[in-house]
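Below is one structure, written out as structure tokens; comments come after it.
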Amino acid sequence: MNNMNREVLNNLSYGLFVLSARYNGKDNACIINVVSQVTEKPLQIVFAVNKQNLTHDMVLSSKLCNISVLAEHTPMKVIEHFGFQSGKDVDKFEHCQVEMRSGNGLLYIPKYTNAYLSARVVNTIDMDTHTLFLAEVDEMVKLSTDSSLTYAFYHKNIKPKPVVAAAENGGKTRWVCKVCGYVYEGDELPDDFVCPWCKHGKDDFEKIV
Ligand code: FE
């Protein structure tokens, strides 16, 4: 019996959300997958953000954020746009067709979403690679009746599928990123390998022989 089966983590429920912030006149956003309501009075949520994200620093400094809830019809390009590139390199809102701001002055994502929440950070916990934010909700707006996108639905229906068998590829070993579908070719994946698309490490790669 495997009593440390990492697949169990996939049995937990996660969503996919666009976390947006504004700091020193700059707007930015990233993808997060952990957001939960924890109390009713006051209405508080928790969310976790990887420290490597520029949006992480912006929320930490400004104490304000918007969380847009992605819907099931979200195309891969939206996940790539907000999740697989950094606001340190590109202006993610440069080519947006419409600019929608909530009462707190922050942008939210009006398309491919079903709601947004505006929240104010009241506490944080340092979790090593991530920060756990505790925030009070100031505004909640429904944008559509579409179903929310879960992480499981994303893996099943949206993430590109690397279906090419090794045999069809001259017998070469391939490593597939379980997060974004990026394929690495080679017998061994270096220990310090970082996925060029989603920046996840070796642990998130699966060997296809
Ligand atoms: Fe990846």
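Name the single residue, out of those in the stretch 182-209 being at pLDDT 85 or above, surrounded by 14 or more Cβ atoms within 10 Å (Cβ to Cβ) and in a loop (DSSP other than H, G, I, E, B), that is nearest to the chain's Cα centre (by Cα). Residue satisfying both the conditions and the ranking: His200. Restricting attention to the stretch 35-77, the residues that are free of Cβ contacts under 8 Å to residues at least 40 places away in the same chain, part of a loop (DSSP other than H, G, I, E, B) and crowded, with 16+ Cβ neighbours inside 10 Å total 1. On the stretch given as the stretch 1-32, residues that are loosely packed, with under 10 Cβ neighbours inside 10 Å and under 17 Å from Cys198 (Cβ atoms) total 1.
Looking for something over 19 Å from the mean Cα position of the chain (by Cα), buried (at least 17 other Cβ atoms within 10 Å of the Cβ) and free of Cβ contacts under 8 Å to residues at least 60 places away in the same chain - is there at least one such residue anywhere in the stretch 153-163? No, that holds for no residue. Close contacts from the stretch 80-106, counting a first residue that is small (Gly, Ala, Ser) and a second that is more than 16 Å from the ligand (Cβ to nearest atom) and in a helix (DSSP H, G or I), with Cβ to Cβ under 9 Å and a gap of 6+ residues or different chains, come to Ser86/Leu54; Gly87/Leu54; Gly87/Thr55; Gly87/Met58.
The values are calculated or read from the model by the stated rules, or taken from the named source; none is laboratory data. Bear in mind the structure is a predicted one, so any value in this text is a computation, not a measurement. Heads up, the Cβs are rebuilt from the backbone with ideal geometry, glycines too, and the neighbour counts pull from every protein chain shown.
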